[in-house]
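Here's the structure, in structure tokens; my notes come after.
What follows is calculated from the coordinates using simple rules that are stated; it is not laboratory data. Computed from a predicted model, the values in this text were never measured in an experiment. Backbone-built Cβ (ideal geometry, glycine too); neighbour counts: all protein chains shown.
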Amino acid sequence: MPHMDAAHNLARWLCGNSHEAEDVTQEAFLRAFRFFGTFRGEDARGWILKIVRNTYYTHLRRVRARDESTEFDEELHSIGGDDAIPAMGRSDTNPESILARVDDLRQLDRALEALPTEFREALVLRELEDLSYKEIAETLDVPIGTVMSRLARARRLLMASFQRITGGNHELQRSPSPARRIR
Amino acid sequence: MNCSEARVRLAGYVDDELSPGERAEVDAHTQGCADCRRERSAQWFFHRALPREGRRYAAPPALRRRIRTALRAAGDAAPPAPWWRRWSVTLPVPVLGGAVAALVAANAVLLAGLPTGEERLAEDVVAGHVRALVGSHPIEVASSDRHTVKPWYVGRLDFSPPVTDFAADGFPLAGGRVDFVGGRTVAALVYARHEHMIDVYAWPAPASAREPLEASERRGFNVLHWTAGGMTYWLASDLEMAEMKRLAALLEARRGT
């Protein structure tokens, strides 16, 4: 079965656990089977990944088992829209020095896991599945420009979470805000 | 180029997705902007580190087997039927080589020992629905106008199927086709509900025959069946059962008028 690894990898990163990921992968292939009349000759991998993604969101709605918005860090969320990419904080902003303090690169997986879904899926498709922007745009059903800004922001969010891991930059921690502390 | 524009393009920069012109603009900006240079280092770092250090979860062998089995089961739902000859179904590019092979195999091999009665009808109904979804002709007469659809069946069936558009109730009629269920040709009316497709199979029953509404699931599809007013109905779809029951209620209400 072609692209099963890619399908499962995306499902696993979307679901966050192997049990649901396997269910979503299987369901996606069955859906693909039922609907492959709709296949119009685009890239087959992108097509099955798209079905995986739709299956995941259907599954999410159906079981309502999880609520992304309460699960991840509000601080990461509140940095702004796709295009608002603020400068990094001022105290220690040298990526090399921050990253040099990250002693275990397995923290990468954990940081990636903690990203909001829209950023996580973009990174998984780009860095783990090696999809082009065009392919990602088709899979996620968004313009190419959005793919670019999401990836820019996704990597920036990873950087922010590494900065926190290493305690290198307190300016990024937005709550409580200085103004509130004075009051 | 300002910083916020540059920061979006830095992703495209490290991913090598910018035109030479855009690249040059980013270079010009970063030369004079330390913040954006730092940002670029961070983009580079993750672009290099993730493919190397990030975990890629391959599909476990047990899952591969499970999916292959499930697809084969789904393929078995498509028995050898006249549609093969009637419709020139062009199977798409072998997206899912295995799935296509399973379907072809299921069509090539005569299924022995089919269950009888209701079971078999339900199988046929779901098989017809799968064929319609997989094939290129789910609808032979595409129209929401009953005055187009109903006459189309004249000469194709030995009875006149009930045809009503329920667009006002959220179930627009998409059209119809002739299908083969339980050894006879029947009407398959196609309704749309959002992006789902519902097949309504209908054929005559004795006027006195009554079968209560019976819901079941088969091969991942929802199936509804009842008999009333001299007509047997089978509905098949991947739509939620509650929604299918709404359509059933509409069909029944229409019969009363």
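Think of each Lys and Arg Cβ as +1 and each Asp and Glu Cβ as -1; about the Cα centre, that makes the dipole of the stretch B:3-54 roughly 220 debye. Straight-line reach from A:Lys134: taking Cα to Cα under 27 Å and skipping same-chain neighbours fewer than 8 places apart, the lysines in range are A:Lys50. In this structure, B:Asp27 and B:Arg52 have a Cβ-Cβ separation that, at R0 = 25 Å, corresponds to a calculated FRET efficiency of about 0.45. What whole-number distance in Å separates the alpha-carbon centres of the stretch B:35-56 and the stretch B:135-208? One Cα centre to the other: 56 Å.
Taking the Cβ of each residue in A:Thr139, B:Thr30, B:Thr185 as the centre, tally the other Cβ atoms inside 10 Å and list the residues starting with the fewest.
B:Thr185, B:Thr30, A:Thr139
Note on B:Glu119 and B:Trp44: their simple-model spin labels are 6.8 nm apart, each label 7 Å out from Cα toward Cβ.
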